[in-house]
Amino acid sequence: MKRAVTIMVQGTASDVGKSVLTTALCRIFIQDDWKTAPFKSQNMALNSYVTLDGKEIGRAQGVQAEACGIAATTDMNPILIKPTGDMKAQIVVHGKPLEEMSAWRYREEYIPLAEGIVTDALDRLREEYDIVVLEGAGSPAEINLKDRDIVNMRMAEWADAPVLLVADIDRGGVFASIVGTMELLEEDERSRVKGFIINKFRGDISLLQSGLDWLEERTGIPVLGVIPYLPRLDIESEDSVVLEKLQEQEGNEDKEIDIAVIRLPRISNFTDFDPLSAEPDVCLRYVESADQLGQPDIIIIPGSKNTLDDLLFLKQSGMAKAIAKRVSEGSFLVGICGGYQMLGHRLYDPQQVESVHGEVVGLGYLPLDTTFYTEKRTERVSGTIAASHPNWPSAQGQAIEGYEIHMGQTTPLSQVHPLLSINGQSEGAISENGRIFGTYLHGIFHNDTFRRQYLNMVRACNDLTPINDILSFRSRQIEAFDRLADHVRNHLDMEQVYHILFANQSEPAIK
């Protein structure tokens, strides 16, 4: 059976744009009629994605699969590492939690076992697709990690993949980062690098040309493209580094609804709120201190990989008091997953599933208790808005879908207004005044009609006229994939990329 050809995107450092460029290549290849799939053997991320069969993978591979127009599977990211603290992480293998391990134990004991897992996953993809686009992690020149590498150059060797090395010129030192990376690679590793891509360029490219000529002469490797910085990318990110940039952006004073998302130290699945930022009347901000909170119309407490510790952060930082003050003055409050658990009365972790704290008092907005168990729930779900609260008439009965990823079970202490009905069961809760709600449903704001109905409810409470136009976030995502692909195609030598891709094949370069 003929196997897919492979190509790999590696970077000189983290956050140089590997995931985005992998997404762009995936989209370009499918535009050119090649059946394409993404692959990242090992991913470290808190922003995860749930496959159709209820398995958990890295968010980037889920998005890349969407760019390919295919359903994501765990073969596209067989190992996901979800940090729970500075020294430990939950290891997720083919979408299901294996166990929590220290960095040392994972490196020394588990990685030798992981080699077969990741190569088998790649083999299955290569049997099904024409092209598999691999993504590396961090830098391939991490000397202390190379002998246990399963995600960069050793993965490229196993996949027999040519490597495109990406560097970010926006952070400075681009030539040093490329040459330094190449110098630290072994000869056989250097021979796999077939081209350089310089990413996030701003300015006059003619001023860069002498440097490009020097780089090609020094290394003997071509620069395949200089990709200009693309503002308003509108493609979901899995790396919380992006939140630093969002925090630095000034709020849009002309936007009528101000939404503050609390940037918890262990925030997860922050892409839940990307659709809100796309709405024309919304200014979405990420805040991490009480003095940044301001006077938002809506406060959102997002998901967390360590709910109890992040709840203690809210209290110790003064953020909990600041939130309480704003809620008493009329701000709406939303809790998603871990944020939903925090809205209750008490959180119990008797088996120390997430934290060393056995019990923590919640924020007390909803009459709920949560207990953590070792079993993790990961599932795609659908249902309807069940809200019977008088403030929510327009949303009642509205179809809804999303996914759940959590290890806690939440129990009401008294009768509450449920938010959702899922498979005939109540889910989530709404406060007595209708201004606070919590739910385990990630992606609730990806439901276009509900999102606009909720924002219009907030607008009505602020004496603003409703907006009737409903933004299709999915259409916006598809447009963003095509915009990214067009941008990269226009600045990358795709003829040379295809030559590299099919160098050892008899296939034509372009269908």
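The values are calculated or read from the model by the stated rules, or taken from the named source; none is laboratory data. What you see is a predicted model, and the numbers here were worked out from it, not measured in a lab. Note: ideal-geometry Cβ built from the backbone for every residue, glycine included; neighbour counts use all protein chains shown. Only protein heavy atoms, including side chains, enter the accessible area calculation; ligands, DNA and RNA are left aside. Shrake-Rupley method; radii C 1.70, N 1.55, O 1.52, S 1.80 Å.
Over the stretch 388-510, the pair-distance histogram of Cα-Cα distances with 10 Å bins from zero comes to 10, 29, 23, 13, 12, 10, 3 percent, rounded to whole numbers.
Ordering 88-98, 255-265 by mean Cβ neighbour count within 10 Å, with the highest value first, yields 255-265, 88-98. The phi torsions of the stretch 332-338, fed into the Karplus equation with coefficients 6.51, -1.76 and 1.60 and a -60° offset, translate into couplings of 6, 9, 10, x, 10, 6, x Hz, rounded to whole numbers, with Gly and Pro shown as x. Electrostatic bookkeeping for V361 treats Lys and Arg as +1 and Asp and Glu as -1; over the other residues with beta carbon under 15 Å from its beta carbon, the sum is -2. Here E127 and R474 are evaluated by their C-beta separation; at R0 = 35 Å the FRET efficiency comes out at 0.70. A Förster radius of 25 Å combined with the Cβ-Cβ distance from A460 to S426 puts the calculated FRET efficiency at roughly 0.50.
Residues in the stretch 316-321 carry Karplus couplings, in order, of 6, 7, x, 5, 4, 5 Hz; the curve used is 6.51 cos²θ - 1.76 cosθ + 1.60 with θ = phi - 60°, and Gly or Pro positions show x.
What separates the Cα centres of the stretch 138-185 and the stretch 288-348 is a distance of 40 Å.
Partners of K200 within straight-line reach, counting aspartates and glutamates whose Cα lies under 16 Å from its Cα and excluding those fewer than 8 residues away in the same chain: D15, D168, D170, D234, D486. For the chain, the solvent-accessible area with a 1.4 angstrom probe is 42 square angstrom per residue. Other residues within the sphere of radius under 9 Å centred on the Cβ of I257, judged by their own Cβ, net out at -3 (K and R +1, D and E -1). Mind checking the log10 I(q)/I(0) for the stretch 128-210 at q = 0.11, 0.15, 0.17, 0.26 Å⁻¹? Debye, one equal scatterer per Cα, no solvent, two decimals. Normalising to I(0) and taking log10 leaves -0.34, -0.61, -0.75, -1.38.
What you get for the stretch 249-306, charging only the Cβ of Lys and Arg (+1) and of Asp and Glu (-1), is a dipole of about 500 debye around the Cα centre. When Y110, Y373 are compared by accessible area at a 1.4 angstrom probe, the order from most to least is Y373, Y110.
For the stretch 432-492, the equivalent ellipsoid derived from the Cα gyration tensor has semi-axes of 34, 15, 8 Å, listed largest first. With the simple model of a label 7 Å out from the Cα in the direction of the Cβ, K325 to V356 spans 3.2 nm. A Förster distance of 51 Å, applied to the separation of the beta-carbon atoms of A399 and E217, puts the FRET efficiency at 0.25. I'd like the carbon and sulfur percentage of the solvent accessible area for the stretch 1-61, probe radius 1.4 Å, heavy atoms only, ligands and nucleic acids excluded. Answer for the stretch 1-61: carbon and sulfur cover 53 percent of the accessible area.
Summing Cβ point charges (Lys, Arg +1; Asp, Glu -1) relative to the Cα centre of the stretch 451-492 gives a dipole of roughly 120 debye. Kirkwood hydrodynamic radius computed over the stretch 28-84 comes to 11.5 Å, based on all pairs of distinct alpha carbons.
Couplings 3J(HN,Hα) for the stretch 129-143, derived from phi with the Karplus relation 6.51 cos²θ - 1.76 cosθ + 1.60 (θ = phi - 60°), are 10, 7, 10, 10, 9, 8, 10, x, 9, x, 10, x, 9, 6, 4 Hz, where x marks Gly and Pro.
Relative to its residue count, the chain spans a Cα convex hull of 152 Å³ per residue. Near the amide H of L98, within less than 5 Å, lie the amide hydrogens of I91, V92, V93, all on another chain or at least 5 residues away, with H placed in the peptide plane.
Please label the shape of the stretch 363-453 as rounded, prolate or oblate, based on the square roots a ≥ b ≥ c of the eigenvalues of the alpha-carbon gyration tensor (a/c under 1.5 means rounded; beyond that, a/b larger than b/c means prolate, else oblate). Oblate, because a/c is 1.5 or more while a/b does not exceed b/c. When peptides 436-444, 151-159, 345-353 are ranked by their average number of other Cβ atoms within 10 Å per residue, the highest-first order is 436-444, 151-159, 345-353.
Which angle between 0 and 90 degrees, to the nearest 10, do you get for helix 18-31 versus the longest principal axis of the chain when only C-alpha atoms count? Helix 18-31 and the main axis of the chain meet at about 80 degrees. Kindly work out what percent of the DSSP beta bridges joining two residues of the chain are antiparallel, to the nearest 5. That works out to approximately 50 percent antiparallel.
As a fraction of the 1.4 Å probe accessible area of the stretch 113-194, surface on carbon and sulfur atoms comes out at 45 percent.
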